[in-house]
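The values are calculated or read from the model by the stated rules, or taken from the named source; none is laboratory data. Because the structure is predicted, anything quoted here is derived from the model rather than measured. As a convention, Cβ positions derive from the backbone with ideal geometry for all residues, glycine included, and neighbour counts pool all protein chains shown.
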């Protein structure tokens, strides 16, 4: 179900913006530390904040917390859904695995304060909804790689800059609650203080956020499109929990030129996901038609931390920085699922012939930590700036996956029904489920910057060497160890042409790399991981690499407005795709059974692919038509790609063809009040693997807020979330064999709809 973008609205906004008078103003620099007074104001005092214009030669978009804050985002995911080219393929009202330019999360580099962070996901991805919005200073979208940053950024990088010791001169309290569609209420509380202390600048912060997402799902399954209805499924899914976050930052001068920087962050996520579903034969929703009853509980506890120490000082005619960082994540998940199947034949007898009870328990623990040491030196080289350095990283990951299945067939009368045992089951490691991964990275780099007022340039070279050791503790020691190593030379170049004080053109070219996902190189074989098919890792995978090109134009509008257009292209080599090994999977009923063929699938390097698109963003006051207190925000991204698999050409899996945001904020200075609205829409996201094809689509997401301030200390905000009660719709085409998929001989055709309901949030802020 394709939806048309709001081209008319964008055209009107663009015309309005271009009509605005150009006023030369000093551009803000994302890298510079704002003054305490500036940041003190945006907490409570009414002032519309627009996107920053950075002075970096590489293309970077910067958004301060105040850009998002009026809508009271709960997490970084809530913040990112409002910026250009960011999409999500998550459950409705979930914003976790961010997809920059529509590509898989593994193509996007997530940085905290410019440094890599490990992810709990087996795909190396970091779930951004684990970071509370309140501890963030700004979000930077880095569209193209530079030599002094990690090359794991095929789609680009998202840099989450946390509040530091210069962020506040004073403090504030934040308290409130969110009421959800099921009448449950979750609280929120935050407290931050910053100022001079211990001879330097100190910031302390804490945040507690109640989380809840109640959803309803309804599925219809047919034997083929337009065919006979086989069954329906009614499901409730409630996700609830708490996020606890703490951060500190301390900066102090040392001697005449030195500065010591200490920082830390800890986030704990406690979450329970409870799913209950019933399947009915032929769509008849009564007890006599029940086919299965399923109860699935997933208990998640995730701890994230980062610790950093840096020292800057003058040396050898320039500035030297030494850093030591430690970041880690512990992800514990315990899943308990019970399913009762009523194997009835309604055309023969109206009651169950026999029942089958299945209990599955999966216990997963992932502990992942990275230690990074960095040396960098920057100095004047006559023609410009020279920066060189070395980054060394040691990653250590321990994985434990245990499971157990208890299954019994229960005869009905006249037989005696055996008792179902209690929930205690002995858990055993899955194949490859006990493993360790040790990854060592050495990354020297050199970067040059130079130019004049009109033309600025940057050129750099980075070499990334990676050595990976994987140990499978579930097999014979002689077969347990797999070693791989590789190196990539990653050049980059950026050019910025300042046409005048208002207009600039940027161009970038860079080579980037994507290391294989941990679930791809892990030796574990996971049963029924992709549909009914098993998934086996491939330790011999090569990394993907890409050449990327970005060309953009940006124009300043008045004192605060900005409009920008960017074109991008990525050529990706050695793509990792899921392939069929031809081996039968664990759920296969055998060659002599009904035509159900379940296979072992495995990721393999299969070929190349291309990604391209265009990005537009606008944020400006409507001063051109006399509305200084009205701010408009528009961004639109058109996304496309091409890849070829065994079935032919397609887009990259789950890449939406467009995403846009439209919104405005209206200040009412005489009333010390404001209100605003945002609307978000992303296009359909198709995917295709062996045995299954899916098209995912979302309704539009409408949010609104109203704010009342009381002097410079107090503010009250009421925010309406998901006001249109958006749905997530999925279409599943399922096949038994590759031949069936080519011939469109269906095993099942499924339509699923998921809704989350509206929510209302009330927040009170006090600044001191």
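Which numbered condition in (1) surrounded by 16 or more Cβ atoms within 10 Å (Cβ to Cβ); (2) farther than 21 Å from residue 516 by Cα is the only one that residue 466 fails?
(2)
Identify, from the list 717, 688, the residue that is more than 23 Å from residue 231 (Cα to Cα), free of Cβ contacts under 8 Å to residues at least 60 places away in the same chain and under 30 Å from the mean Cα position of the chain (by Cα). Give the derivation first.
On the way: 717 fails: free of Cβ contacts under 8 Å to residues at least 60 places away in the same chain.
Answer to the selection: 688.
When you look at residue 505, is it at pLDDT below 90 and in contact with a strand residue (DSSP E or B) (Cβ under 9 Å, 6 or more places away or on another chain), yes or no? Before the answer, list the steps.
On the way: at pLDDT below 90: no; in contact with a strand residue (DSSP E or B) (Cβ under 9 Å, 6 or more places away or on another chain): yes.
So residue 505 fails the test.
Looking at region 89-106, is at least one residue farther than 23 Å from residue 620 by Cβ and in a strand (DSSP E or B)? Break it down into steps so the answer makes sense when it comes.
First, the residues of region 89-106 that are farther than 23 Å from residue 620 by Cβ: 89-106.
Still in the list and also in a strand (DSSP E or B): 99-100.
Within region 89-106 (the criterion being farther than 23 Å from residue 620 by Cβ and in a strand (DSSP E or B)), the answer is yes, since at least one residue qualifies.
Looking only at region 752-764, decide whether some residue is assigned to a strand (DSSP E or B), at pLDDT 95 or above, in contact with a helix residue (DSSP H, G or I) (Cβ under 9 Å, 6 or more places away or on another chain) and crowded, with 19+ Cβ neighbours inside 10 Å.
no
Could you run through region 308-329 and say how many residues are under 22 Å from residue 365 (Cβ atoms) and either surrounded by fewer than 17 Cβ atoms within 10 Å (Cβ to Cβ) or without any contact (Cβ under 8 Å) to a residue 40 or more places away in the chain (or both)?
Residues flagged as under 22 Å from residue 365 (Cβ atoms) and either surrounded by fewer than 17 Cβ atoms within 10 Å (Cβ to Cβ) or without any contact (Cβ under 8 Å) to a residue 40 or more places away in the chain (or both) within region 308-329 amount to 1.
Restrict the check to region 420-440 and report whether at least one residue is modelled with pLDDT of 95 or more and assigned to a strand (DSSP E or B).
First, pick out the residues of region 420-440 that are modelled with pLDDT of 95 or more: 440.
Next, only the ones that are assigned to a strand (DSSP E or B) stay: 440.
Yes, that holds for at least one residue.
Being surrounded by 16 or more Cβ atoms within 10 Å (Cβ to Cβ), under 29 Å from residue 512 (Cβ atoms) and touching a strand residue (DSSP E or B) at 6+ places or on another chain (Cβ under 6 Å): is that true of residue 458 here?
Working: surrounded by 16 or more Cβ atoms within 10 Å (Cβ to Cβ): yes; under 29 Å from residue 512 (Cβ atoms): yes; touching a strand residue (DSSP E or B) at 6+ places or on another chain (Cβ under 6 Å): yes.
Criteria met by residue 458.
Looking at (1) at pLDDT 90 or above; (2) assigned to a loop (DSSP other than H, G, I, E, B); (3) touching a strand residue (DSSP E or B) at 6+ places or on another chain (Cβ under 6 Å), which one does residue 138 not meet, given that it meets all the others?
(2)
For the subset of region 166-201 comprising residues that are out of contact with any helix residue (DSSP H, G or I) (no Cβ under 8 Å at 6 or more places or on another chain) and part of a loop (DSSP other than H, G, I, E, B), which member is surrounded by the most Cβ atoms within 10 Å (Cβ to Cβ)?
Among those residues, the one meeting the criterion is 180.
Pick out the one residue from 623, 637, 619, 586 that is in contact (Cβ under 8 Å) with a residue 40 or more places away in the chain and touching a helix residue (DSSP H, G or I) at 6+ places or on another chain (Cβ under 9 Å). Let's see the steps before the verdict.
On the way: 623 fails: touching a helix residue (DSSP H, G or I) at 6+ places or on another chain (Cβ under 9 Å); 637 fails: touching a helix residue (DSSP H, G or I) at 6+ places or on another chain (Cβ under 9 Å); 586 fails: touching a helix residue (DSSP H, G or I) at 6+ places or on another chain (Cβ under 9 Å).
After ruling out the rest, the residue left standing is 619.
Is there a residue in region 206-213 that is free of Cβ contacts under 8 Å to residues at least 40 places away in the same chain and more than 22 Å from residue 263 (Cβ to Cβ)? Working first, answer last.
Looking only at region 206-213, we keep the residues that are free of Cβ contacts under 8 Å to residues at least 40 places away in the same chain, and these are 208, 210, 212.
The next check asks that each one be more than 22 Å from residue 263 (Cβ to Cβ); those that pass are 210, 212.
Yes, some residue in region 206-213 is free of Cβ contacts under 8 Å to residues at least 40 places away in the same chain and more than 22 Å from residue 263 (Cβ to Cβ).
Consider residue 107 carefully, then state whether it is at negative phi and surrounded by fewer than 22 Cβ atoms within 10 Å (Cβ to Cβ). Break it down into steps so the answer makes sense when it comes.
Details: at negative phi: yes; surrounded by fewer than 22 Cβ atoms within 10 Å (Cβ to Cβ): no.
No.
Having 3 or more residues that are under 21 Å from the mean Cα position of the chain (by Cα) and crowded, with 21+ Cβ neighbours inside 10 Å is the bar; report the strands (runs of 3 or more DSSP E) wholly within region 578-684 that clear it.
Numbers: elements: 599-622, 627-645, 648-650, 658-668, 673-682.
In region 578-684, the matching strands (runs of 3 or more DSSP E) lie at 599-622, 627-645, 658-668.
Which of the residues spanning region 213-238 are within 30 Å of residue 174 (Cα to Cα) and buried (at least 20 other Cβ atoms within 10 Å of the Cβ)?
Just the residues of region 213-238 that are within 30 Å of residue 174 (Cα to Cα), to begin with: 213-215, 237-238.
Correct list: 213, 214, 215.
Residue by residue, here is whether (1) at pLDDT 95 or above; (2) under 30 Å from residue 424 (Cβ atoms); (3) in a helix (DSSP H, G or I) holds:
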| site | (1), (2), (3) |
| --- | --- |
| 262 | yes, no, no |
| 288 | no, no, yes |
| 297 | yes, yes, no |
| 339 | no, yes, no |
| 347 | no, no, no |
| 350 | no, no, no |
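With respect to residue 241, is the statement that it is crowded, with 17+ Cβ neighbours inside 10 Å and at positive phi true? Spell out how you get there, then give the answer.
Values: crowded, with 17+ Cβ neighbours inside 10 Å: yes; at positive phi: yes.
Yes, satisfied.
Being at pLDDT below 95 and touching a helix residue (DSSP H, G or I) at 6+ places or on another chain (Cβ under 9 Å): is that true of residue 230 here?
Details: at pLDDT below 95: yes; touching a helix residue (DSSP H, G or I) at 6+ places or on another chain (Cβ under 9 Å): no.
Criteria not met by residue 230.
Go through region 723-745 residue by residue and tally those that are part of a loop (DSSP other than H, G, I, E, B), at pLDDT 95 or above and crowded, with 18+ Cβ neighbours inside 10 Å.
0
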